[in-house]
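Q: Would you mind keeping the following structure in view while I ask a few things?
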Amino acid sequence: MNILVCISCVPDTTSKINFTQNKKKLDEEGITFIINPYDEFCLTKAIFMKESSGANVTVISVGDSKSESVLRKALAIGADNAVRINADSDSSKSVANLIADYCSKNKFDIIFCGRESIDFNGGQVPGFIAAKLNLPFINSCVGLDYTDDKINAKREIDSGHEMCECSLPAVVAGQKGLVEEKDLKIPSMRGIMTARTKPLEILDPESTYNNNIEILELSKPSERSDCKIISEDNVGELVQLLHKEAKVI
Amino acid sequence: MSLFTLIENWEGRFKKNSFETVSYAKKIADKLNSQLTVLTFSAKQPSELSKFGADKIINISNIKFEEASNDLIAEICQNHIQDGDYQTLVFSNTNLGKNVSPIISQKLNYELLSNVISHPDSISPMSVKCKAYSSKAIVEYQSSSKLNAISIVPNSIGEINESPVEFELNEIEFNKSTYEPKLKVLSRSESTEKISLPDANIVVSAGRGLKGPENWKMIEELANLLNAGTACSKPVSDMGWRPHSEHVGQTGIAINPELYIAIGISGAIQHLAGVNSSKNIVVINSDPEAPFFKSADYGIVGDAFDIIPKLIEEIKQYKN
Ligand SMILES: Cc1cc2nc3c(=O)[nH]c(=O)nc-3n(C[C@H](O)[C@H](O)[C@H](O)COP(=O)(O)OP(=O)(O)OC[C@H]3O[C@@H](n4cnc5c(N)ncnc54)[C@H](O)[C@@H]3O)c2cc1C
Ligand SMILES: Nc1ncnc2c1ncn2[C@@H]1O[C@H](COP(=O)(O)O)[C@@H](O)[C@H]1O
């Protein structure tokens, strides 16, 4: 089985977010980039599949050289080979189309993506890839069983779960549940050493896809006014405030 | 040129955000002086949507949201969108919206703006504000395409405007033999007795400060009294004290209720990322230095095990 794991390279979850002077981009000063947390669940699932049934795992990222350290980490965790498509990652459509082009040439049985990237939270790339390749799309996947040509998946719906089934190849957008937090793989010393010898291919895009979406401005949400502290001996006051001031009860 | 929107329902009844989505689309339709078409499936009272401005209502009567696969819903939307002349598509960024909107936009060449939290600042070119960096930032996008799909975060606009119109209702049966769904839905479980988190006006949430799963009885009692949904911090779901579906935050569900009550939660940046768009936040924590107080509107410093029973009593009294 051939598995592709799409990896987006995002600011560490503890990052303080600031912008460049023209407010069009993230100020990358002091920011550590990591594997998008959702993609990490997918990567670990793919490695488990490799361990149990000999799958081959490729990781791919569309972006500049910054994503290489993240891809190296994925190799250290256990992926077999890595690909960076040397293109701008600003447009979800272009990212998805470039990955879909790569998949048309290299056959994969499962294309894993994270449910969303924690930077722009678009949640668009996986669905775009599936639509472009005309494949089944399992979004918000929290559990996966597979045979050679079929998968059985558990996915989240608005307030419950759905069990579904489809043939392979398919696009799966995963999250926690695919594997548990405690099972997440971290690179071992040996993994880090062998990662150095594994292939990290850098490809130039074969087509260009124009980007029709532009960022006009990045801003921060308005700050909350100061917190009103209510005495623990006067809980009734909170109820009054919620009723009279906030008007929420 | 007109507008198209997909409106969800569960067992034939519209959801709270259904009307928000119609109202949102209607406002754009008015600005463009154009018609609003709404597509829904097996709605019990499809005409209800006309109260909020739907000019044309298409009710696919032989398929239910609860049973259909995503790709089938996307396929049916696509067929109708192709038959019309729609400049803008409007979706709700619910699980279903997140499944179908990328497929439809990719296949029919619309630009997709997801996580939208504002009315358009301009319609041509289309520009809207969206959540970014897990609510740590807001990004304003402008699309140079004429064809755009907008997916709005449920409850983020919070406006439901009645604007009754004369409407045309088309009850249509989809010819199931023309499309073989790619995904087969085997079963679905939607807990109907519980309020779904993205839909809830009020959310009561608790963290590790509660010490153990056995102490959630008071949290549930408080939630019941307030007709609220229940949520939890990540470690709480990791330890299996509460189901994963209740985990809110950067790597869980993002919510934006009218009121969020956080009990025994420290307020880590990753937790805040999923809840800080709530309109009002109440924090109850025994540690006056807990970072959550900095992001709260109302706070009580004290032991949850004393305060929650008191709060339950006060709310009962208030309700009488
Ligand atoms: C990549 C990544 C992603 C993450 N994503 C998320 C996420 O999506 N959601 C999330 O929630 N976390 C997330 N986290 C974890 C986050 O960093 C925190 O560890 C977590 O939110 C802490 O949970 P907590 O507040 O329940 O527990 P704690 O931090 O242990 O806080 C418990 C709080 O309870 C208070 N307390 C104790 N006893 C009482 C009492 N009797 N009465 C009242 N108060 C009491 C304490 O003062 C303390 O403030 C993520 C972390 C990482 C690294
Ligand atoms: N630049 C990228 N390179 C590779 N994969 C990506 C990229 N951007 C997004 N993805 C994948 O698509 C998922 C959803 O991302 P998004 O649509 O940006 O929210 C991510 O979790 C990744 O798996």
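The values are calculated or read from the model by the stated rules, or taken from the named source; none is laboratory data. Please read these numbers as outputs of a predicted model, since none were measured by experiment. A quick note on method: Cβ atoms are made from the backbone with ideal geometry, for glycine too, and the neighbour counts reach across all protein chains shown.
Q: Could you tell me how many of the residues in the stretch A:126-153 are at the interface with chain B (Cβ under 7 Å from one of its Cβ atoms) and in a helix (DSSP H, G or I)?
A: 5
Q: Name the residue that is farthest from ligand 1 (Cβ to nearest atom), counting only residues in the stretch A:7-55 that are part of a strand (DSSP E or B) and either away from chain B (no Cβ under 14 Å) or under 22 Å from A:SER219 (Cα atoms) (or both). Step through it out loud before you land on a result.
A: Within the stretch A:7-55, the first condition is being part of a strand (DSSP E or B), and the residues that meet it are A:9-11, A:19, A:26, A:33-35.
Imposing the further condition that a residue be either away from chain B (no Cβ under 14 Å) or under 22 Å from A:SER219 (Cα atoms) (or both) reduces the set to A:9-11, A:19, A:26, A:33.
Working: A:CYS9: 14, A:VAL10: 10, A:PRO11: 11, A:PHE19: 22, A:LEU26: 18, A:PHE33: 13 Å.
Looking at the filtered set, the residue picked out is A:PHE19.
Q: Would it be correct to say that A:LYS198 is closer than 23 Å to A:SER61 by Cα and of a type in the set (Lys, Arg)? First the steps, then the outcome.
A: On the way: closer than 23 Å to A:SER61 by Cα: yes; of a type in the set (Lys, Arg): yes.
Yes; evaluated as a whole, the condition is true for this residue.
Q: May I pose another question? Could you check the stretch B:273-319 and list, in sequence order, the residues that are free of Cβ contacts under 8 Å to residues at least 60 places away in the same chain and assigned to a helix (DSSP H, G or I)?
A: B:PRO291, B:PHE292, B:PHE293, B:LYS294, B:SER295, B:ASP306, B:ILE307, B:LYS310, B:GLU313, B:GLU314, B:GLN317, B:TYR318
Conditions tested, residue by residue: (1) in a strand (DSSP E or B); (2) touching a residue at least 40 places away in the same chain (Cβ under 8 Å); (3) not charged (D, E, K, R).
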residue: A:ASN121; (1), (2), (3): no, no, yes
residue: A:ARG155; (1), (2), (3): yes, no, no
residue: A:ILE192; (1), (2), (3): no, yes, yes
residue: A:PRO205; (1), (2), (3): no, yes, yes
residue: A:ASN211; (1), (2), (3): no, yes, yes
residue: A:GLU217; (1), (2), (3): yes, yes, no
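Q: Name the residues in the stretch B:134-150 that are within 26 Å of A:GLU223 (Cβ to Cβ) and in contact (Cβ under 8 Å) with a residue 40 or more places away in the chain, would you?
A: Within the stretch B:134-150, B:SER134, B:SER135, B:LYS136 meet the criteria.
Q: Next question, about the same structure. Determine which single condition A:ASP12 fails, assuming it passes every other condition in (1) within 13 Å of the chain's Cα centre (by Cα); (2) surrounded by 17 or more Cβ atoms within 10 Å (Cβ to Cβ).
A: Here A:ASP12 meets the rest and fails (2).
Q: Could you please find all residues in the stretch A:219-241 being among the small types (Gly, Ala, Ser) and either assigned to a loop (DSSP other than H, G, I, E, B) or under 30 Å from A:SER69 (Cβ atoms) (or both)? Walk me through it before giving the result.
A: First pass over the stretch A:219-241, keeping only residues among the small types (Gly, Ala, Ser): A:219, A:222, A:225, A:231, A:236.
Of everything in the stretch A:219-241, those that are among the small types (Gly, Ala, Ser) and either assigned to a loop (DSSP other than H, G, I, E, B) or under 30 Å from A:SER69 (Cβ atoms) (or both) turn out to be A:SER219, A:SER222, A:SER225, A:SER231.
Q: Condition test on B:ASN285, is it more than 16 Å from ligand 2 (Cβ to nearest atom) and within 22 Å of B:TRP216 (Cα to Cα)?
A: On the way: more than 16 Å from ligand 2 (Cβ to nearest atom): yes; within 22 Å of B:TRP216 (Cα to Cα): yes.
Against the criterion (more than 16 Å from ligand 2 (Cβ to nearest atom) and within 22 Å of B:TRP216 (Cα to Cα)), B:ASN285 qualifies.
Q: State all residues of the stretch B:211-255 that are farther than 28 Å from A:PRO37 by Cα and β-branched (Val, Ile, Thr); if no residue qualifies, say none.
A: Correct list: B:ILE219 only.
Q: Being crowded, with 24+ Cβ neighbours inside 10 Å, more than 16 Å from ligand 1 (Cβ to nearest atom), away from chain B (no Cβ under 14 Å) and more than 21 Å from A:ASP183 (Cα to Cα): is that true of A:ILE60 here? Before the answer, list the steps.
A: Working: crowded, with 24+ Cβ neighbours inside 10 Å: yes; more than 16 Å from ligand 1 (Cβ to nearest atom): yes; away from chain B (no Cβ under 14 Å): yes; more than 21 Å from A:ASP183 (Cα to Cα): yes.
Criteria met by A:ILE60.
Q: In the set B:SER101, B:SER122, B:SER42, which member is within 14 Å of chain A (Cβ to nearest Cβ), hydroxyl-bearing (Ser, Thr, Tyr) and under 21 Å from the mean Cα position of the chain (by Cα)?
A: Values: B:SER122 fails: under 21 Å from the mean Cα position of the chain (by Cα); B:SER42 fails: within 14 Å of chain A (Cβ to nearest Cβ).
Within the list B:SER101, B:SER122, B:SER42, the selection yields B:SER101.
Q: Test B:ALA54 against the stated conditions and say whether it is over 18 Å from the mean Cα position of the chain (by Cα), assigned by TED's automatic domain parsing to the domain that holds B:TYR24, at negative phi and assigned to a loop (DSSP other than H, G, I, E, B).
A: Numbers: over 18 Å from the mean Cα position of the chain (by Cα): yes; assigned by TED's automatic domain parsing to the domain that holds B:TYR24: yes; at negative phi: yes; assigned to a loop (DSSP other than H, G, I, E, B): yes.
Yes.
Q: What residue, of A:GLU232, A:GLU206, A:GLU214, is facing another protein chain (nearest Cβ under 9 Å) and more than 30 Å from B:LYS294 (Cα to Cα)?
A: Working: A:GLU232 fails: more than 30 Å from B:LYS294 (Cα to Cα); A:GLU206 fails: facing another protein chain (nearest Cβ under 9 Å).
Just one listed residue meets the conditions, A:GLU214.
Q: Just the residues that are surrounded by fewer than 21 Cβ atoms within 10 Å (Cβ to Cβ) and at the interface with another protein chain (Cβ under 10 Å from one of its Cβ atoms), please, taken from the stretch B:254-275. Steps first, answer last, please.
A: Within the stretch B:254-275, the subset surrounded by fewer than 21 Cβ atoms within 10 Å (Cβ to Cβ) is B:258, B:266, B:268-270.
Residues satisfying the conditions are B:GLU258, B:ALA268, B:ILE269, B:GLN270.
Q: Something else now. Is it true that B:VAL128 is out of contact with any Pro (no Cβ under 8 Å at 6 or more places or on another chain), crowded, with 21+ Cβ neighbours inside 10 Å and not small (Gly, Ala, Ser)? Can you show your working first?
A: Numbers: out of contact with any Pro (no Cβ under 8 Å at 6 or more places or on another chain): no; crowded, with 21+ Cβ neighbours inside 10 Å: yes; not small (Gly, Ala, Ser): yes.
Taking the combined requirement at face value, the residue does not satisfy it.
Q: How many residues are more than 9 Å from chain A (Cβ to nearest Cβ) and in a loop (DSSP other than H, G, I, E, B) when one looks only at the stretch B:182-221?
A: As a first pass, look at the stretch B:182-221 and keep what is more than 9 Å from chain A (Cβ to nearest Cβ): B:193, B:200, B:203-221.
Retained after the next criterion (residues that are in a loop (DSSP other than H, G, I, E, B)): B:193, B:200, B:207, B:211-212.
So the count comes out to 5.
Q: Here is a follow-up. How many residues, within the stretch A:56-111, are outside any helix (DSSP H, G or I), in contact with a Phe, Trp or Tyr (Cβ under 8 Å, 6 or more places away or on another chain) and among the charged types (D, E, K, R)? Break it down into steps so the answer makes sense when it comes.
A: Looking only at the stretch A:56-111, we keep the residues that are outside any helix (DSSP H, G or I), and these are A:56-66, A:78-91, A:106-111.
If we keep only those that are in contact with a Phe, Trp or Tyr (Cβ under 8 Å, 6 or more places away or on another chain) too, we end up with A:58, A:60, A:66, A:83, A:85, A:91, A:110.
After this cut, where a residue has to be among the charged types (D, E, K, R) as well, the list is A:66.
Qualifying residue count for the region: 1.
Q: What number of residues within the stretch B:222-250 satisfy the criterion of being in a strand (DSSP E or B), within 13 Å of ligand 1 (Cβ to nearest atom) and under 18 Å from B:ALA304 (Cα atoms)?
A: At the first step, the residues of the stretch B:222-250 found to be in a strand (DSSP E or B) are B:229-232, B:247-248.
Filter once more, keeping what is within 13 Å of ligand 1 (Cβ to nearest atom): B:231-232, B:247-248.
Filter once more, keeping what is under 18 Å from B:ALA304 (Cα atoms): B:231-232.
Residues that pass the stated criteria total 2.
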